[in-house]
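Below is one structure, written out as structure tokens; the observations come after it.
Nothing in this text is a laboratory measurement; each read-out follows from the coordinates by a stated rule. On a predicted model such as this, the values are computed, not experimentally measured, just so you know. Positions of Cβ are generated from backbone atoms using ideal geometry, with glycine treated the same way; all protein chains shown enter the neighbour counts.
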Amino acid sequence: MVFTTADNGGTPEQYIPEEREDDDEDGNIRNRNLDEDSYALFQSGSSFIDIVLFHEPPECANTRLGCDWTELGIGKNDGVGNLRWCCSDDASALGLCDGGPKQEGRLIVDPNKFKGEHRFLGVPPNGQWSRKVKSGMFDLKDEKEKGTDGKYVLVLANCNEMMGRNVTVSGRYVWKSYFGYLPGNLFGEMYFFSALTIFYIILFIWYALKMSIYRDEILPIHKWMAVTIGIGLLEVFFKGGDLFVWNVDGDRFWFSLYVGVIIGVLKRAISRVLIVMLCLGWGVTTDDLGDKMGKLITLGVAYAGTAAARDIMTVLAITENEVLSIETETELLDVVTILTFITAFIDVSFYLWIFGALNETMQYLEGMNQTRKLKRFLRLRLILLLSVLFAVVWTVFGIVDSYNDQRMINEEVNGWVLSAVWEFNYLFVLVSLSCLWTPEAGAKEYAYVMELSNDLDLDIDTNIGSDSDDEGDIGMTDVAGGFSDHPDDDFDVDDRGINA
């Protein structure tokens, strides 16, 4: 980071002191100045930039109200509500400054409570001035804190309002933990996406082998399922790759980040369309959805567009906050809120369509005495109901947890769990549907033939002397790939078999 005066403040003389080494002879890094000449500036009417780095204890960091910094040695509270961060005139009058004359116009730091690193830069009262804080100046060398995880805070303060000078801070700062550059709350997410990548590879290979073994029994729904699994694999691969590169190099792999976001949106859109198609009986009761297919594609495209815009704007507001103005960031978040409501409305439309279509298909199968197919759709309904129930329970849990004074899930350490749980819910549905609609022997017979009722079996046995099994005999329908559009048509028996 580079600190530069925003005005000349008098004679434009250049003042760029030499940088010091990071450690002194005793290895003490606390309460150190970043300038050789800063101490001499105490008597010259100069101002100071205080920089403190400290760790927030987990017992207060994992609370809704956060930590009381005065208890950590930053700022002072007189016990009756008067709180000051800087040693100004009114803070001194309240008796909150106890560091003597040298603390005037400085950040209040209590050496008896503060357990972190305190540095400062002296800003001369006049002339042009610039100071660069190099890499490594703020390493926490204390072995007790070296492996401590949790939330760390960096505070920069320019407290001398009356006699101080305006200072501009530019450049960039990078946090690096003992394990790498990745923020502590994202380490678990990196490992989670790595595990998901392995899981998706296994699931994709299993489904591909099934399709290869039973290639003559493949239905269009099997191809859609394979595509959905493949898209899910690409999503977790790119998201995990972005976090891995960030941890190693300290910079985001922007291509991987945005590709992962877009593929994730595409995965969710295709999954919703696929479930509606299944619930409409595609490949089981009909092979043509007619005008419903056009409406379904339109709804899927609308979801993909709004969800992609929402997720990309959210990423921009978070990752580009150092270059975006407050107004621009606020506008982005306002648009994100609107898009979130639109996406939620489309989601509700999908859910209503899914369960409405599922009930109609099940009523049709029940009326036609298609017990085998009805059992499969009963399992599909159970899977979807469990998924929705879990989503509702988890949403309520998240709302309640956000209002608790002590959070049950520490967002600074395990915040990734909040999004990982939704991935588990999605995986539960995906794996269940993959098992229900897996390529197998007789898959086309299941889709393209109709199970005969017991009454019809008895009539056939009487007339043509055939035996029937427990599952019921099957006969070809008059529509290749699905049932007849006229379920009330009579069945005829001739010398070729049974025709619908």
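Projecting label points 7 angstrom from Cα along Cα→Cβ for LEU65 and PHE424 puts them 3.2 nm apart.
For LYS134, a cut-off of 30 angstrom between C-alpha atoms picks up these lysines, skipping any fewer than 8 places away in its own chain: LYS102, LYS113, LYS115, LYS144, LYS146, LYS151, LYS176. Cα centroid separation, segment 163-222 to segment 64-118: 43 Å.
Of the residues ALA391, LEU274, MET211, the one whose Cα sits farthest towards the positive end of the charge dipole of segment 184-447 is MET211 (charges of +1 on Lys and Arg Cβ, -1 on Asp and Glu Cβ, taken about the Cα centre). With θ taken as phi - 60° and the Karplus curve 6.51 cos²θ - 1.76 cosθ + 1.60 applied, the whole-hertz 3J(HN,Hα) list for segment 185-190 is 6, 10, 4, x, 5, 4 Hz, x standing for glycine and proline. Annotation for segment 158-238: chymotrypsin sites (Phe, Trp or Tyr not before Pro) lying in DSSP loop with at most 13 further Cβ atoms inside 10 Å of their Cβ are TYR173, TRP175, TYR178, PHE179. Highest average first, the peptides 70-76, 243-249 ordered by how many other beta carbon atoms sit within 10 Å of their residues are 70-76, 243-249.
In sequence order, segment 377-388 has phi-based couplings of 6, 5, 5, 4, 5, 4, 4, 5, 5, 5, 5, 5 Hz under the Karplus curve 6.51 cos²θ - 1.76 cosθ + 1.60, θ = phi - 60°, and Gly or Pro positions carry x.
3J(HN,Hα) along segment 362-375, derived from phi through the Karplus expression 6.51 cos²θ - 1.76 cosθ + 1.60 where θ = phi - 60°, amounts to 5, 5, 5, 5, 5, x, 8, 6, 8, 5, 4, 6, 5, 4 Hz, with x in place of Gly and Pro. Around the amide H of ARG84, modelled in the peptide plane, lie the amide H atoms of LYS76, all under 5 Å away and 5 or more residues distant in sequence or on another chain. Applying 1/(1 + (r/R0)^6) with r as the Cβ-Cβ distance of PHE390 and LYS132 and R0 = 45 angstrom yields a FRET efficiency of 0.30. In this structure the amide hydrogen of TRP282, modeled in the peptide plane, comes within under 5 Å of no amide hydrogen from residues 5 or more places off or on another chain.
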